[in-house]
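The values are calculated or read from the model by the stated rules, or taken from the named source; none is laboratory data. Predicted, not measured: the structure shown is a model, and the values here were computed from it. For neighbour counting, all protein chains shown are included, and Cβ atoms are generated from backbone atoms with ideal geometry for every residue, glycine included.
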Amino acid sequence: MKTAIKGVMLAVTAALTLGIAGYSQGDAGIAMAKTTTHARAASKAKSTAVVKLQETGSTLLFPLFQLWAPAYRKVAPSVELTPNGTGSGVGIAQASAGVVQIGASDAYMSNEQLMKSPGMLNIPMAISAQQIMYKIPGVPAKDHLHLTGNVIAQIFLGKIGYWNAPQIQDLNKGIKLPHMAITPIHRHDGSGDTFLFTQFMTDTNAQWAKTVMYGTSVSWPTVRGALDAVGNQGVVQVAERTPGSIAYVGISWLNKALSGGMGEAMLQNRAGHFLLPTEQTIAAAAKVMIGATPKDERISLIYAPGANSYPIINYEYAIINEKQSGATTAAAVKSLLLWAISPMGGNKQSFMSQVHFLPLPPSIYPLSKAQIDEIHA
């Protein structure tokens, strides 16, 4: 391990000094970042100015970037990464405008967005998921309500207003649900979580598909008592203090929500089975879907077929302008991203498990690496 880390440090130093970074895939098929720059060049460098990189966007990815930032500083002391959770919409917009070097998003950029901002890369960093949380007094969190996408859509459309409505009670015959008004909570900011949630609603409810549809921002139906919040943290905080609430929450915030007394629903998948988002069910969905990943890696992984497939999973994207402001910045961004997707770097299980993510599949690594290789000054 010490040898591997030392190799990455030499790679980053050489890349920042000479403005180049070359990497190749390992013999085992799980690629590891390796420098093709002679180590002697790095040892001759007397000093390297600190390169400051700004990341902003997805609040689902934010906890992972918070883990990565100090860890990468130990690997590459000359690179200072500052992460910020502002929502996927902001991440896409600011990366496209060149305000930040790295935008984080749970949503890939649309064709329309790419036409307005050519040269943007959508690079998967890992695989994540989203769960539906609720706060119902008298219903223990361990009971895990069974919910379908169709029923959830009806709640957010205002067609189901109480927790003991027949559509919900029939799915949960062993649980006595109260006659309590349901308070749906959605994101106020442009959000990749909204993108994922509304895709699932679109796939499971015909009215939603015709009217609300999906996106990082949508025109939410007018529902009495509905609330909104900014970021996953805001959603969790509002939901925790609102009896009767239901909300969609990125899985990296699962521990926070559970510690606040929230319940976690088991969602019905395409095969009709009710599942929680676990390492096994997320992996099952990913296994079915990742083979269809195109070269530019923009794909929805929502509502995968398969008996054990959890229905709301996704790639977590780094949104990058392939043309950076200078050679040093470009080299720093490339080195950071290559470390982030490496199973010996940011994709180590020790990072992934803390946020309930899955590492980037070995078959997808070459696609992400190929996109990273396109970054230049």
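Before moving on, here are some points about what is shown:
- Restricting attention to the range 236-259, the residues that are outside any strand (DSSP E or B), in contact with a helix residue (DSSP H, G or I) (Cβ under 8 Å, 6 or more places away or on another chain) and surrounded by 16 or more Cβ atoms within 10 Å (Cβ to Cβ) total 8.
- Hits in the range 178-188 (condition: under 14 Å from I132 (Cα atoms) and not in a loop (DSSP other than H, G, I, E, B)): T183, P184, I185, H186, R187
- Lone qualifier among G138, G87, G149, G103 - being over 20 Å from R298 (Cβ atoms), in contact with a helix residue (DSSP H, G or I) (Cβ under 7 Å, 6 or more places away or on another chain) and either in the same structural domain as F274 (by TED's automatic domain parsing) or buried (at least 17 other Cβ atoms within 10 Å of the Cβ) (or both): G149
- Taking the range 325-377 as the range and being of a type in the set (A, V, I, L, M), part of a loop (DSSP other than H, G, I, E, B) and under 19 Å from the mean Cα position of the chain (by Cα) as the test, the residues that pass are L360, I364.
- Scoring D228 on the criteria (1) part of a helix (DSSP H, G or I); (2) in contact with a strand residue (DSSP E or B) (Cβ under 6 Å, 6 or more places away or on another chain) leaves a single failure, condition (1).
- Selection within the range 293-327 - surrounded by fewer than 23 Cβ atoms within 10 Å (Cβ to Cβ), farther than 22 Å from R270 by Cβ and of a type outside the set (A, V, I, L, M): K295, D296, E297, N321, E322, K323, Q324, S325, G326
- Residue count for the range 301-324, restricted to those that are out of contact with any Asp or Glu (no Cβ under 9 Å at 6 or more places or on another chain) and assigned to a loop (DSSP other than H, G, I, E, B): 10.
- Breaking point among (1) closer than 19 Å to A239 by Cα; (2) free of Cβ contacts under 8 Å to residues at least 40 places away in the same chain; (3) of a type in the set (S, T, Y), for T202: (1)
- As a summary of the residue check, I175 satisfies the conditions (1) touching a Gly at 6+ places or on another chain (Cβ under 9 Å); (2) farther than 26 Å from L64 by Cβ except for the one numbered (1).
- Single residue of K135, K116, K159 found to be more than 19 Å from S245 (Cβ to Cβ), basic (K, R) and at pLDDT 95 or above: K116
- Take the conditions (1) outside the structural domain of N84 (by TED's automatic domain parsing); (2) more than 13 Å from S128 (Cβ to Cβ); I312 misses just one of them, which is (2).
- The range 276-289, residues that are surrounded by fewer than 22 Cβ atoms within 10 Å (Cβ to Cβ) and not in a helix (DSSP H, G or I): L276, T278
For (1) assigned to a helix (DSSP H, G or I); (2) crowded, with 20+ Cβ neighbours inside 10 Å, each residue gets a yes or a no:
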{"position": "K176", "(1), (2)": "no, no"}
{"position": "G190", "(1), (2)": "no, yes"}
{"position": "L196", "(1), (2)": "yes, yes"}
{"position": "Q199", "(1), (2)": "yes, yes"}
{"position": "D203", "(1), (2)": "yes, no"}
{"position": "A209", "(1), (2)": "yes, no"}
{"position": "M213", "(1), (2)": "no, no"}
